[in-house]
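Computed from the coordinates by the stated procedures, all read-outs in this text should not be read as laboratory data. Keep in mind that what you see is a predicted model, and the values were worked out from it rather than measured. Ideal geometry is used to build each Cβ from the backbone, glycine not excepted, and the neighbour counts take in all protein chains shown.
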Amino acid sequence: MKIILITLVFLFSCFESYCEWKFIHRQSNGNNIYLNFQSVKFKNGLVYWSELVNFDEQIAGIMSMSVNMVGNCKKFYQRSVKFDYFSKHFGKEFVNSSSNKGKKWVIIDPKSPQYQILKKICKSYKN
């Protein structure tokens, strides 16, 4: 009975934590990028989503970071809105956050992985 209970607790915690993160890209530096498809929202011609970066190596005590993003599917530009930093992979053990106020929009290079990510988001979730 204990084994069943432990298994159920593990499965439930998996669904509540990082199971919504789907792997989408491995950067050349070894960091893995994940996308939370459940976070994708369209509003006023813009698309909003969350990405998670699991760092290959610890950076100042940080092993992962989630980034709230906003993009334009017609002009293919984007900007980051908010960063949350964690001491463990998959957004575990919150450390700090920062916002990206005042940052300009970035036009995405069509050859970049980020362009492919935005293209996939826009194609899959366009109304």
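Exactly one of these conditions fails for Phe42: (1) of a type in the set (Phe, Trp, Tyr); (2) in contact with a helix residue (DSSP H, G or I) (Cβ under 7 Å, 6 or more places away or on another chain); (3) crowded, with 17+ Cβ neighbours inside 10 Å. Give me its number.
(3)
Looking at the stretch 74-97, which of the residues that are over 12 Å from the mean Cα position of the chain (by Cα) and of a type in the set (Gly, Ala, Ser) is farthest from Ile59 (Cα to Cα)?
Top of the filtered list is Ser97.
Within the set of pairs 6+ apart or on separate chains, which have a first residue in the stretch 49-71 that is touching a residue at least 12 places away in the same chain (Cβ under 8 Å) and over 14 Å from Lys92 (Cα atoms), a second that is buried (at least 21 other Cβ atoms within 10 Å of the Cβ) and among the polar types (S, T, N, Q), and C-beta atoms under 6 Å apart?
Ser50/Ser66; Asn68/Ser50; Met69/Gln78; Gly71/Gln78
Being in contact with a Lys or Arg (Cβ under 7 Å, 6 or more places away or on another chain) and aromatic (Phe, Trp, Tyr) is the filter here; which residues of the stretch 76-127 pass it?
Listed by number, the residues that qualify are Phe86, Trp105.
May I ask you to list the residues in the stretch 44-81 that are farther than 18 Å from Ile117 by Cα, assigned to a strand (DSSP E or B) and not hydroxyl-bearing (Ser, Thr, Tyr)?
The answer is Phe55, Asp56, Glu57, Gln58, Ile59, Ile62, Met63.
Kindly list the number of the only condition in (1) in a helix (DSSP H, G or I); (2) touching a strand residue (DSSP E or B) at 6+ places or on another chain (Cβ under 6 Å) that fails for Lys119.
Of (1) in a helix (DSSP H, G or I); (2) touching a strand residue (DSSP E or B) at 6+ places or on another chain (Cβ under 6 Å), only one is false for Lys119: (2).
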